[in-house]
Amino acid sequence: MRGLISRVRGIPESGAGPARLPETRVLLAWLYVGRLAIAAALFAGAAMVWRNVPPGTSLSVTLLVIAAGMFTAGSFWYTHLATGRPGLTFRYSQVLFDVLLVSVVVYLTGGTQSDFAALYVLVICAGAILLPVLGGILIGLLVSVLYGASAVWDSTARIDGGLLLQIALFALVALVTGYVGDRLRQTGAELGEARTELRQLRSDTDEILGTINSGILTVDGEGHLIYMNQAAQNLLQMPAMEWLGQRVVPDLERLAPGLGSVIARSVETRAPIQRSETRPGESFPFVLGVSTTVLDRAAPALPSITAIFQDITERKRAEALQRRAERLEAVAELSTSLAHEIKNPLASIRSATEQLASDGVEPADQQILKRLVVRESDRLTRLLREFLDFARVQVSAPDALDIAALVQEAVAVLRTHPDAEGKTIRVIVPNGNGVHPLVRGDVDLLHRAVLNLVLNAIQCAGANGQVEIQLDTIDSDLLAPTRGITSIARLRVSDTGQGVPSREAERIFDPFYTLRPGGTGLGLALVQRAAEAHGGIVFLDSPAAPEWGTTFTLYLPWEDSHS
């Protein structure tokens, strides 16, 4: 699991990363090998010309090789066999021994004229790496002093500019390597701390992702599974080890309808989806609430997608039961409201009929009563017609409708309405870009919904008021949970009326609830039912500008149609 998380996030494994100094025991092992190699080379060279070497020199070489071997063997036993801690004193002893070893070799092979003088550079580098920055500089100064002393001891040597330059070079190498070694040690220490924190973070992340109740899975841009936590495996019944590296998006869609399509849409659009829901399938009778995040890579590589999902089946069932209870309560309220609306006209008609049936009613009064009966009868007819329209809201055979044309037609009808006299009606619809919002639905139902929405604005705009109808398209996940779509046609209708009081806003879409004298209270209720029948929603929004009193916004799913 740790490796999977690392690949998803682009974090290197603990064994990989930027170059840094090896640990001290490894450096000492290299030092031991180099020391023995120099001693062996010196002994081999002396053996090749043994007859020409003075006895004192050959003895010195032999003792030097033995001393180097014994010292190195003891050091190796301490650091690698006895696992002793190579402290600062131990490291100083190693570097100082090598300084003396090289100094003897240089002295025996010609002093300042020796071909082995360059070995001092290696000793200086070893001191810079193994010792603190000040210790490395001191070793460099010691080398310079010993090299200069070899010229003094050698009566044939001449102190000239070349010798002084070489001594200065040793000092410079000591300064540079000391600084570089110190920086490498600091970087190594910081890197070690960072890796420790990273390992702890990975461990914590593994534990969190392994115990979290939400399912989490990650696929690359080609749809290959690269991570799945235990909760996802349990929910989907997909063992991660069998699916890692496999293309899983089609299988996810087949198993949990809607899950694969959400992931594929995130890959295609390179955008996260905040809310979506799967549909129950034959072999997967659960509903999952899904959201996605995008781990974008450098173009042109496709992004990796992480899907987070939960089993919301029980919640959906509880919501269904709640909606059922609310519908029953709404039916009861609707019946009460309808009875109340019918009772008043019927009472007026009955009273007028009784008076007409009695004797002694003046002819003028009879005409008034007859007009009353006709007016109340018309009111009942209009009420029942609107109620039937409200009750029969359904989409049986949806067609692809040009919502812009439908809005224009509805507004053209309303411009001749008596309530529109003296009102300014402005329509803003998309045009000229070759793309028209198409809404799949029932033309008559949507026409009535738009008609009611605009007529409500006209009637509330006030004398000489203004109404603005604006249609556009947006990308939003507002309808994603139920429809799994993000392309939305938005119709905003604003008027310059008094607005809706905040205390009344929650009831504005209730059947038979109206703030306008003479209204039936079914117009906005029909708009809401039509919106829901088409998978949309309607809101009472805050006005976009102070001059507008009320703004209603209708959201409907749409699809592109290129002309």
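The values are calculated or read from the model by the stated rules, or taken from the named source; none is laboratory data. Bear in mind that the values here come from a model prediction, so they are computed numbers and not experimental data. Neighbour counts are summed over all protein chains in view; Cβ atoms, including those assigned to glycine, are modelled from backbone coordinates with ideal geometry.
Can you tell me which residue is modelled with the lowest pLDDT among those in the stretch 453-499 that are among the small types (Gly, Ala, Ser) and part of a strand (DSSP E or B)? Once the filter is applied, the top-ranked residue is Ser487. Residues that are touching a helix residue (DSSP H, G or I) at 6+ places or on another chain (Cβ under 9 Å) and farther than 21 Å from Ile342 by Cβ within the stretch 357-378 comprise Val361, Asp365, Gln366, Ile368, listed in sequence order.
Each residue in the stretch 244-263 was checked for being crowded, with 20+ Cβ neighbours inside 10 Å and either touching a helix residue (DSSP H, G or I) at 6+ places or on another chain (Cβ under 6 Å) or outside any loop (DSSP other than H, G, I, E, B) (or both), and 6 of them qualify.
Restricting the stretch 128-175 to residues that are surrounded by 15 or more Cβ atoms within 10 Å (Cβ to Cβ) and more than 20 Å from Asp98 (Cα to Cα), the residue that is modelled with the lowest pLDDT is Ala157. Would you mind stating whether Arg317 is exposed (fewer than 12 other Cβ atoms within 10 Å of the Cβ), basic (Lys, Arg), in a helix (DSSP H, G or I) and at pLDDT 80 or above? Against the criterion (exposed (fewer than 12 other Cβ atoms within 10 Å of the Cβ), basic (Lys, Arg), in a helix (DSSP H, G or I) and at pLDDT 80 or above), Arg317 qualifies.
Scan the stretch 320-340 residue by residue and report those that are at pLDDT 70 or above and in contact with a Phe, Trp or Tyr (Cβ under 8 Å, 6 or more places away or on another chain). Walk me through how you get there before you give the answer.
Residues of the stretch 320-340 at pLDDT 70 or above: 320-322, 325, 339.
Hits for the stretch 320-340: nothing passes.
Put simply, of Val361, Val395 the only residue that is surrounded by 12 or more Cβ atoms within 10 Å (Cβ to Cβ), in contact with a strand residue (DSSP E or B) (Cβ under 8 Å, 6 or more places away or on another chain) and at pLDDT below 75 is Val395. Do the conditions hold for Ser266, that is, is it part of a strand (DSSP E or B) and surrounded by 19 or more Cβ atoms within 10 Å (Cβ to Cβ)? Considered against the rule, which asks whether it is part of a strand (DSSP E or B) and surrounded by 19 or more Cβ atoms within 10 Å (Cβ to Cβ), Ser266 comes out as no.
Scan the stretch 60-85 residue by residue and report those that are under 54 Å from the mean Cα position of the chain (by Cα) and either crowded, with 19+ Cβ neighbours inside 10 Å or acidic (Asp, Glu) (or both). Don't jump to the end; show me each part of the working.
Within the stretch 60-85, the subset under 54 Å from the mean Cα position of the chain (by Cα) is 76, 78-85.
The answer is Thr79, and nothing else.
Identify, please: which residue in the stretch 540-560 is among the aliphatic types (A, V, I, L, M) and at pLDDT 80 or above and is, among those, surrounded by the fewest Cβ atoms within 10 Å (Cβ to Cβ)? Walk me through it before giving the result.
Step one: list which residues in the stretch 540-560 are among the aliphatic types (A, V, I, L, M), which gives 540, 544-545, 554, 556.
Now narrow it down to the ones that are at pLDDT 80 or above: 540, 554, 556.
Details: Leu540: 16, Leu554: 24, Leu556: 24.
Here the answer is Leu540.
Close Cβ contacts (under 8 Å, 6 or more residues apart or on different chains) running from residues in the stretch 343-364 that are farther than 26 Å from Arg382 by Cα to residues that are part of a helix (DSSP H, G or I) and at pLDDT 75 or above comprise Val361/Gln355; Val361/Leu369.
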